[in-house]
Amino acid sequence: MSNVFHAIFSTTFLFSVIRVATPLILASMGAVITSNAGITNIGIEGVMLVSALTGVFASAFGFGPWFGFIISIITGVICSLAIGYVSMSLKTDSVLTCIAFNTMAIGGTVYFMYAVVKDKGTTIALNSGKLPSVEIPLIKDIPVLGDILSNHNVVSYIALLMILVVYILLYKTPLGLRIRSAGKAPTALSSVGVSLIKTRYIALGISGILGGMAGAFMSMGYVTWFSKNMTAGRGFIALAADAIGNSTPVGAALSSLLFAVAEALSYSLQITTVPPELVQMLPYLVTIVGLIAYSIRKSSLVKKERLKQAVK
């Protein structure tokens, strides 16, 4: 147990928490945007998966990792808008649309991976490259702090920046006001001449950008290849982070860090005698516990509000 204690309370562990949190933060920011617009975008999981594969292909057969990163973002936007078109313009059930898209993403990525590299498991055969890591001047020379905060993949720093960007977008811009109105007061938004559908399409497009970044990090930052179902439910964990964080950028980011700690802890616990199956389920167990706590808290707040109204 002493080995586990030292592994957890170390700069390496904290460094890995930031690395693990990167795709969760990006995906949760995308979920925050769509949730504020009145959309539950369950398809973020599939968006990440498809973007991860197209990024690898574009990097290997195009002009390197940065080109793949851009293609991943474009793919994320296209996928998100396609989900919006089917669910909003064609009037299908949004949840079923997202489930169908996620299912197609899992099978479709395996199909295209096999069609290109003749392997149903990974794209290791492709030389897709990796997005660069960045050393932060001054901070890199600070003991302990430099080991934790410096030399991360560039997308990790982009993810942290996106927390601020999404906050400013939602609460400091006219577009953010429209997005929040689309979720909280859609009738009022339409009454002032703003298209509800257009606003939600924009929200989905922004969510696609963030989901595309998350997918690109998975295949060109986290590792240097694509593997079957490599997102492993991270899109759904991001949705949980959005819910627990009350659809706010800071709340969702903090929830993402909590889940990242659980995932990083599961890696550290693999050196113990604990069965690996139990260790690997730790991030998802924390997600379930978090959602239960969120549900209890929300139910309590609703009861208090009803009691206040009854007293009045």
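The listed peptides 239-252, 110-123, 220-233, ordered by packing as a protection proxy, come out as 239-252, 220-233, 110-123 (highest mean of other Cβ atoms within 10 Å first).
At 0.36 nm per residue, and after removing the present C-alpha to C-alpha distance, how many nm does the segment from VAL194 to VAL289 gain when stretched out fully?
Values: separation 95, 0.36 × 95 = 34.20 nm, distance 3.95 nm.
Full-extension gain reported as 30.3 nm.
Judged by the mean number of other Cβ atoms found within 10 Å, the most tightly packed of the peptides 35-47, 155-167 leads the ranking 35-47, 155-167. Counted residue by residue at 0.36 nm each, then reduced by the alpha carbon distance between them, the extension gain from THR173 to ILE136 reaches 10.3 nm.
Placing +1 on the Cβ of every Lys and Arg and -1 on the Cβ of every Asp and Glu, with nothing else charged, gives the chain a dipole about its Cα centre of roughly 1200 debye.
Name the helices (complete DSSP H segments) of the chain with a Cα length along the long axis of 24 Å or more and a Kyte-Doolittle mean of at least 0.0, or state none. Let's see the in-between values first.
On the way: long enough: 11-36 (36 Å, 1.35); 44-61 (25 Å, 1.72); 65-84 (28 Å, 1.94); 94-117 (33 Å, 1.55); 154-172 (26 Å, 2.34); 196-217 (32 Å, 1.20); 249-268 (28 Å, 1.27); 282-311 (44 Å, 0.45).
Qualifying helices: 11-36, 44-61, 65-84, 94-117, 154-172, 196-217, 249-268, 282-311.
Of the peptides 21-28, 70-77, the ranking by mean beta-carbon count within 10 Å, highest at the top, reads 21-28, 70-77.
Stretched out straight at 0.36 nm per residue, the stretch from GLN309 to ASP119 would grow longer than its current Cα-Cα span by 62.3 nm.
With the helix formula -39500 (n - 2.57) applied to DSSP H stretches of n ≥ 4, the chain reaches a computed 222 nm mean residue ellipticity of -24000 deg cm²/dmol. Averaging the Cα positions of each part gives two centres, and for segment 109-130 and segment 204-267 these lie 22 Å apart. Label positions at PHE112 and LYS228, each projected 7 Å from the Cα along the C-beta direction, are separated by 1.8 nm.
The numbers here are math on the coordinates, done by the rules we state, and not lab data. As the structure is a prediction and not an experimental result, all values here were calculated from the model. Positions of Cβ are backbone-derived with ideal geometry, glycine not excepted, and every protein chain shown enters the neighbour counts.
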